[in-house]
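Beneath this line is the structure, given in structure tokens, with notes to follow.
Any read-out appearing in this document is the output of simple, stated calculations on the displayed coordinates, not a laboratory observation. Small disclaimer: the values here were computed from a predicted structure and weren't measured. Here the Cβ is made from the backbone with ideal geometry for all residues, glycine too, and neighbour counts use every protein chain on show.
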Amino acid sequence: MDFTGRKGDEAIFFRAFSGIRTIVEHQIAEDDKVVSRVTMRADHTGEYQNILATRMRIRITFIDIAGVRLETSWRNGPNST
């Protein structure tokens, strides 16, 4: 999924759920990758995937893998090239 698709999915999710709490349970970084195990809790307060609001509390656990690329050298300060 590309960035635009992911943002669209997130917008739909955030319209359907409120009181969202996110906890990073574990996080590991190596080389240019950061892996996180995340737990999210929220209340189902709006329609989501044709399911009307249930007012139920949900819990979602997921793994997120991010690639990291440094664009700036901080050796001599943030404005160095």
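Provide the convex hull volume over Cα atoms per residue for region 3-67, in Å³.
Values: hull volume 5.0 nm³, N = 65.
Taking only Cα atoms, region 3-67 has a hull volume of 76 Å³ per residue.
Show that you can apply the helix-only estimate: for the chain, add -39,500 (n - 2.57) for every DSSP H stretch of four or more residues, divide by all residues, and state [θ] at 222 nm to the nearest 500. It would help to have the intermediate numbers written out before the result.
Numbers: 1 runs with 14 residues, N = 81.
Computed mean residue ellipticity for the chain: -5500 deg cm²/dmol.
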> Which angle from 0 to 90°, rounded to the nearest 10, does the C-alpha axis of helix 3-16 make with the longest principal axis of the chain?
Replying inline: 40 degrees
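Let's test the formula: R0 of 25 Å, r as the Cβ-Cβ distance of Arg69 and Arg15. What FRET efficiency results, to the nearest 0.05?
Details: r = 32 Å, r/R0 = 1.27.
With R0 = 25 Å, the Cβ-Cβ based efficiency is 0.20.
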> So what is the relative contact order for region 3-67, in percent, with contacts set as C-alpha pairs under 8 Å and at least six apart?
Replying inline: 30 percent
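Based on other C-beta atoms within 10 Å, arrange Glu25, Glu71 from fewest to most. Provide the component values of the computation, followed by the final result.
On the way: Glu25 9, Glu71 4.
Starting with the residue having the fewest Cβ neighbours, the order is Glu71, Glu25.
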